[in-house]
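The values are calculated or read from the model by the stated rules, or taken from the named source; none is laboratory data. This one's a predicted model, so the numbers in the text were calculated from it and none came from an experiment. No Cβ is skipped: glycine too gets one built from the backbone with ideal geometry, and neighbour counts run over all protein chains shown. These area figures cover heavy atoms from the full protein model, side chains too; ligands, DNA and RNA do not enter into them. Shrake-Rupley method; radii C 1.70, N 1.55, O 1.52, S 1.80 Å.
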Amino acid sequence: AAHGQFNMPFSVCVNSAGLIIVADSENYRVQMFTRDGAFVRAFGSEGAARGQFNEPRCVCVNAAGFLIVTDTFNHRVQMFTRDGTFVRAFGSKGAAEGQLKMPHGVCVDGD
């Protein structure tokens, strides 16, 4: 789908600059918009490499402005800079310590 179009948008959050951030699940990307709805940027593609997604479901922003995205069917959580540059990821499929099974939600506290 073209930028600004969605295929199963799953969650939304707003960063400190007022940008609206959408987990566009079945387009395998995260999209960002101004408060007026103008497209700003998108990042991500389908896959399992760093910065790629297999259905991102939830997105939030921490106090430092990093984007945190659940990558549901890659069984991990990924972190990105404000402009969508990959920072790090954690998790893998399983039930052992540090492993995840289809993470759907994420949140941060004030710290």
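Key figures
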read-out	value
Some residue of the stretch 60-71 being part of a loop (DSSP other than H, G, I, E, B) and hydroxyl-bearing (Ser, Thr, Tyr)	no
Checklist (1) of a type in the set (S, T, N, Q); (2) farther than 15 Å from Asp24 by Cβ; (3) under 9 Å from the mean Cα position of the chain (by Cα) applied to Gln78, failing item	(2)
The stretch 27-47, residues that are out of contact with any strand residue (DSSP E or B) (no Cβ under 8 Å at 6 or more places or on another chain) and open to solvent by 70 Å² or more (accessible area, probe 1.4 Å)	Asp36
Neighbours by Cβ (under 9 Å, 6+ apart or cross-chain): first from the stretch 61-80, open to solvent by less than 10 Å² (accessible area, probe 1.4 Å); second part of a helix (DSSP H, G or I) and of a type outside the set (A, V, I, L, M, F, W, C)	Thr72/Ser25
Hits in the stretch 3-26 - residues which are open to solvent by 30 Å² or more (accessible area, probe 1.4 Å), in a loop (DSSP other than H, G, I, E, B) and on the phi < 0 side of the Ramachandran plot	His3, Gln5, Phe6, Asn7, Ser16, Ala17, Leu19
Test: Gln31 is without any contact (Cβ under 8 Å) to a residue 60 or more places away in the chain, polar (S, T, N, Q) and within 17 Å of Asn54 (Cα to Cα)	yes
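Residues checked against (1) under 20 Å from Val108 (Cβ atoms); (2) among the hydrophobic types (A, V, I, L, M, F, W, C); (3) touching a Ser or Thr at 6+ places or on another chain (Cβ under 6 Å):
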site	(1), (2), (3)
His3	no, no, no
Ile21	yes, yes, no
Phe39	no, yes, no
Gly47	no, no, no
Val61	yes, yes, no
Ile68	yes, yes, no
